[in-house]
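What follows is a single structure, written as structure tokens, with notes after it.
The values are calculated or read from the model by the stated rules, or taken from the named source; none is laboratory data. Being a predicted model, the structure only gives us computed values, none of them experimental. Here Cβ is always computed from backbone atoms with ideal geometry, including for glycine, and neighbour counts include all displayed protein chains.
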Amino acid sequence: MTAPHTVTPLDLGGRTALVTGAAGGIGRACALRLAAAGAKVRAVDRDAPGLEALVAAAPAAAGAVEPHVLDLTDLDAAEDLAAGTDVLVNNAGLQLVRPIEDFPPDVFHTVLTVMLEAPFRLIRGALPHMYAQGWGRVVNISSVHGLRASPYKSAYVAAKHGLEGLSKTAALEGAPHGVTSNCVNPGYVRTPLVEAQIADQAQAHGIAPERVVTDVLLKDSALKRLVEPEEVAEAVAYLCAPSASFVTGTSLVLDGGWTAH
Ligand SMILES: NC(=O)c1ccc[n+]([C@@H]2O[C@H](COP(=O)([O-])OP(=O)(O)OC[C@H]3O[C@@H](n4cnc5c(N)ncnc54)[C@H](O)[C@@H]3O)[C@@H](O)[C@H]2O)c1
């Protein structure tokens, strides 16, 4: 007779997690999920009121949520803040939808800094403690755009493809030290970042804003709905669980079948 199957809830009691971009959208959902699992969460964002709202939303019984107001373009401060973390969720991001010939070079630089160089510096800051204790989890919130390109998103697609490479390299280096590194790759998630790009997309594609979700965002998705931030946070939680300890150097895709094409 086989042993009964038991499901162990995620227990991050005694662990410290750092989540970037925690003031809104996916990062907020991740911070709340990891706190609910008992982690002490360093919630990092440049949006101070958003962090205050997150702290207020965290259930009293959950692990503490510590707000850290920081602009991640301050790379030295980001690296310092990552010291001593057991779980690192690189999530902060921004988007600009423009053809390459109109894409402002300074915005390209900022996108690459926040979405690729800051994750590198945060991983760099977090690894010594993770290696010393022989356990750590790095979860990089990538995107379908880490695996596929779309027109008018040069900086975002470049940053996410770079993040995929960084994540895989961290997986190879971290493996002997008990540290896993993976990406989570959502399709379009119901967050302010997506809502903000609808007008931009409408202009770039020359269509009405109400057609953007169906005709542009979900055009290649077999499942015709946006993903919820809590569904992405659950994938992050899975990657932190003991049952995922053999999962490293990969990309967990939540795209409603987009990349099945
Ligand atoms: N929303 C989607 O459809 C979707 C799909 C795939 C991947 N993603 C990725 O998920 C992550 C989160 O996206 P979201 O949709 O929750 O976005 P969001 O705009 O709701 O949240 C992003 C957060 O990052 C913060 N941030 C941006 N620049 C920062 C900086 N310089 N310093 C500190 N904080 C900064 C913002 O203040 C914000 O709170 C991003 O990496 C994004 O690329 C989103």
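So which residues in region 229-249 are surrounded by fewer than 16 Cβ atoms within 10 Å (Cβ to Cβ) and under 19 Å from residue 145 (Cβ atoms)? Matches in region 229-249: 231 only. For region 144-166, check the following and say yes or no: at least one residue is touching a Phe, Trp or Tyr at 6+ places or on another chain (Cβ under 8 Å) and under 22 Å from residue 246 (Cα atoms). Checked against the condition, which is being touching a Phe, Trp or Tyr at 6+ places or on another chain (Cβ under 8 Å) and under 22 Å from residue 246 (Cα atoms), region 144-166 yields at least one hit.
Tell me yes or no: at least one residue of region 174-191 is farther than 16 Å from residue 90 by Cα, hydroxyl-bearing (Ser, Thr, Tyr), touching a residue at least 12 places away in the same chain (Cβ under 8 Å) and within 14 Å of the ligand (Cβ to nearest atom). The answer is yes, given that some residue of region 174-191 is farther than 16 Å from residue 90 by Cα, hydroxyl-bearing (Ser, Thr, Tyr), touching a residue at least 12 places away in the same chain (Cβ under 8 Å) and within 14 Å of the ligand (Cβ to nearest atom). Picking from residues in region 94-121 that are surrounded by fewer than 17 Cβ atoms within 10 Å (Cβ to Cβ) and of a type in the set (A, V, I, L, M), the one that is farthest from the ligand (Cβ to nearest atom) is 100. Condition test on residue 124, is it among the basic types (Lys, Arg) and in contact (Cβ under 8 Å) with a residue 60 or more places away in the chain? In short, no.
Note on region 213-228: among residues that are surrounded by 14 or more Cβ atoms within 10 Å (Cβ to Cβ) and not in a helix (DSSP H, G or I), the one that is modelled with the lowest pLDDT is 220.
Does residue 16 meet the test of being buried (at least 24 other Cβ atoms within 10 Å of the Cβ), of a type outside the set (Phe, Trp, Tyr) and at pLDDT 95 or above? Talk me through it step by step, then tell me what you get.
On the way: buried (at least 24 other Cβ atoms within 10 Å of the Cβ): no; of a type outside the set (Phe, Trp, Tyr): yes; at pLDDT 95 or above: yes.
For residue 16, the condition - buried (at least 24 other Cβ atoms within 10 Å of the Cβ), of a type outside the set (Phe, Trp, Tyr) and at pLDDT 95 or above - is not met.
Restricting attention to region 180-212, the residues being out of contact with any Asp or Glu (no Cβ under 8 Å at 6 or more places or on another chain), more than 11 Å from residue 255 (Cα to Cα) and either of a type in the set (Gly, Ala, Ser) or in a loop (DSSP other than H, G, I, E, B) (or both) number 8.
Pick from region 50-90 the residues that are of a type in the set (Gly, Ala, Ser) and within 12 Å of the ligand (Cβ to nearest atom): which of them is farthest from residue 28 (Cα to Cα)? Break it down into steps so the answer makes sense when it comes.
Of region 50-90, the ones of a type in the set (Gly, Ala, Ser) are 50, 53, 56-58, 60-64, 77-78, 82-84.
This time we only want the ones that are within 12 Å of the ligand (Cβ to nearest atom), so: 50, 53, 77-78.
Values: 50: 9, 53: 10, 77: 21, 78: 18 Å.
Out of the qualifying residues, it is 77.
Considering the conditions (1) closer than 24 Å to residue 174 by Cα; (2) under 18 Å from the mean Cα position of the chain (by Cα); (3) surrounded by fewer than 23 Cβ atoms within 10 Å (Cβ to Cβ), residue 91 is excluded by exactly one of them, (3). Kindly evaluate residue 47 against the criterion of being loosely packed, with under 14 Cβ neighbours inside 10 Å and either more than 13 Å from the ligand (Cβ to nearest atom) or not hydroxyl-bearing (Ser, Thr, Tyr) (or both). No. Look through region 137-154, keep the residues that are within 22 Å of residue 239 (Cα to Cα) and without any contact (Cβ under 8 Å) to a residue 60 or more places away in the chain, and return whichever of them is farthest from the ligand (Cβ to nearest atom). The residue in question is 138. Checking each residue in region 128-160 for being part of a helix (DSSP H, G or I) and closer than 20 Å to residue 27 by Cα picks out 144, 145, 146, 156, 157, 159, 160.
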